[in-house]
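Participant: Structure below; questions to follow.
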Amino acid sequence: MEVKNSMSEEEGKRGQSEAEEVSQILGVVSEKVPALIKGLISSVFSEEAGRNMGRAAAAFYKELKEGGIPDEAALKMTKDYIAAFTNVSEFLKGAVPPKGKPVETVEECKK
């Protein structure tokens with residue numbers, strides 16, 4: 001019986017150690033990931049990013065027109081092109097919890 005007890009204690013200690021390690025990892029992730037996402041958002045919404053997006057949209061539209069795409073279709077395609085960038089940035093914004101409110105569970109991340 002003592003062998004079984006010592007094995008259960010070892011398993012319990014190992015499980016507790018693993019839980020503490022996971023907790024530490026999640027603590028680091030919860031600090032680093034929001035900062036990374038905020039950095040990505042600020043780079044997408046910076047003045048320079050806006051200028052670059054405008055240039056890219058203009059070049060895209062110009063290429064469409066030079067390729068023979070009608071005005072109306074080229075304009076719609078260019079709007080869709082810009083919307084793709086906007087959708088990505090909106091997704092990134094939604095991935096960061098409100099300031100001062102940490103995400104506590106995986107279920108909260110899904111909301």
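The values are calculated or read from the model by the stated rules, or taken from the named source; none is laboratory data. All of these numbers come straight from a predicted model, not from anything done at the bench. In this analysis, Cβ positions are derived from the backbone assuming ideal geometry, glycine residues included, and neighbour counts consider all displayed protein chains.
Participant: Please go through segment 54-111 and pick out each residue that is assigned to a loop (DSSP other than H, G, I, E, B), of a type in the set (D, E, K, R) and modelled with pLDDT of 75 or more.
Facilitator: none
Let's see how each residue does on (1) modelled with pLDDT under 80; (2) surrounded by 10 or more Cβ atoms within 10 Å (Cβ to Cβ); (3) part of a helix (DSSP H, G or I):
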{"residue": "Lys4", "(1), (2), (3)": "yes, no, yes"}
{"residue": "Arg14", "(1), (2), (3)": "yes, yes, yes"}
{"residue": "Glu21", "(1), (2), (3)": "no, yes, yes"}
{"residue": "Leu26", "(1), (2), (3)": "no, yes, yes"}
{"residue": "Lys38", "(1), (2), (3)": "yes, yes, yes"}
{"residue": "Ala49", "(1), (2), (3)": "no, yes, yes"}
